[in-house]
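Inspection log for the structure reproduced underneath, given as structure tokens.
The values are calculated or read from the model by the stated rules, or taken from the named source; none is laboratory data. Being a predicted model, the structure only gives us computed values, none of them experimental. Note that we place each Cβ from the backbone using ideal geometry, even for glycine, and neighbour counts take in every protein chain shown.
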Amino acid sequence: MRNQALKGVCIFLTGDDLMRITDIRTGMLSAPLKTPFKTALRTATHINDIAVEICTDTGNRGYGEAPPTGVITGDTLGGITGAITEHIAPKLIGRDIDDLEDIMNIISGCVLKNSSAKAAVDMAVYDLYGQLYNVPVYKLLGGSRKHLITDITISVNDPDVMAEDAVKALKRGYDTLKIKVGIDPALDVERLMAVRQAVGKDIRIRVDANQAWTKKQAVRILEEMEEKSIGIEFVEQPVKAHDIEGLKYVTDNSPVEVLADESVFSPQDALRIMQMHAADMVNIKLMKCGGIHEALRIASAAEIYGMQCMIGCMLETKLSVNAAVHVACAKSIITKIDLDGPNLCSEDPVMGGAVFDERDITVSDLPGLGITGLQGVSFKSVIQ
């Protein structure tokens, strides 16, 4: 007999019982940001994402989230909803959650691209799979640890503003800063110098260019940062996502390590970069690769090639970042944590899940992903 806990109610499933998908529902999940989020690609003041709820005949519910990050994934609110409603949901209604591999193959193959929509449904299915066996997802996947320490993002602004934001982050307990650059590259060295002078020499600084530089420009800027003893841990995605040769050029010539982010959407992308040694590390994001299932494949490839990984997020609430926490807690090859999305929000509409205490993250030991409900979300069935 499997003991199933949901929202304070125990549901008992016998060994012969199944958990079948009866409905898939979507709704809008919103949260304001504490300060505007600025990168070389966009500026945002709010999170407005699609939430997914998968209902089952046992009364269990699984939750997922998909952000419309059009400048990176190409996904929009309408596109995410359409992909789930027209392509994914019709093929999953009536499926048994226990048929996990088949369900994941269906999600992957039923529509091209649409990685965020796939990720939202994927994590909701994993949520239910953990509930089915009364085990937290991170333990199902390996369970290497329960606690993580994340960096925090400093948005690109004038150098003095970024220095002030960096000091505020230190006062909140952070010891690793991810500095956004790329708007007016001529100012990027000045931005980093201002931040380093403000925070001192012992704080780790990561640089994220969000594809803003050319390959030669990247090497020149990074060499200047090195000459000025700014002390960069690594640089993230210095060149355009499609420019793998350019990425390799930077990796071969940079004085600091290079992390591939937007260049890695799939396990195939990751393998190509690993085989070419086009980067020193890869960044796994559930919204780029399509969910937990594909993230695990990237992590497996990284284990084979001995390449460390970062796990990151888009502008997401705790709902989907929580799923990334479970992946990171399961895989020791993931050594860099960039899961600050919930800490950028001024409100948390998500009940349950991992505990985000500024830089310190603790995974939930509740079954599945540990989400117990969402506030302010009005769900609508995708069944016509």
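What the table shows:
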| read-out | value |
| --- | --- |
| Residue count, the range 337-380 (criterion: of a type in the set (Ser, Thr, Tyr) and surrounded by 14 or more Cβ atoms within 10 Å (Cβ to Cβ)) | 3 |
| Residue in the range 23-57 that is farthest from the chain's Cα centre (by Cα), counting only those that are buried (at least 17 other Cβ atoms within 10 Å of the Cβ), more than 17 Å from SER116 (Cβ to Cβ) and among the hydroxyl-bearing types (Ser, Thr, Tyr) | THR56 |
| From ALA163, ALA186, ALA169, residue being assigned by TED's automatic domain parsing to the domain that holds THR335 and without any contact (Cβ under 8 Å) to a residue 12 or more places away in the chain | ALA186 |
| Of all residues making up the range 63-74, the number that are closer than 16 Å to GLY291 by Cβ and over 15 Å from the mean Cα position of the chain (by Cα) | 1 |
| Hey, LYS331 within 24 Å of TYR249 (Cβ to Cβ), among the basic types (Lys, Arg) and either modelled with pLDDT of 95 or more or over 10 Å from the mean Cα position of the chain (by Cα) (or both) or not | no |
| Tally, over the range 326-361, of residues that are on the phi > 0 side of the Ramachandran plot, in contact with a strand residue (DSSP E or B) (Cβ under 6 Å, 6 or more places away or on another chain) and not in a strand (DSSP E or B) | 1 |
| Top-ranked residue in the range 234-257 [being under 10 Å from ALA279 (Cα atoms) and of a type in the set (S, T, N, Q); ranked as nearest to the chain's Cα centre (by Cα)] | GLN237 |
| Condition broken by LEU192, with the remaining ones in (1) surrounded by 18 or more Cβ atoms within 10 Å (Cβ to Cβ); (2) free of Cβ contacts under 8 Å to residues at least 40 places away in the same chain; (3) over 24 Å from the mean Cα position of the chain (by Cα) satisfied | (2) |
| Any chance GLU86 is under 23 Å from the mean Cα position of the chain (by Cα) and modelled with pLDDT of 95 or more | no |
| Positions within the range 248-272 being of a type in the set (Val, Ile, Thr) and over 24 Å from MET287 (Cβ atoms), in sequence order | VAL250, THR251, VAL256 |
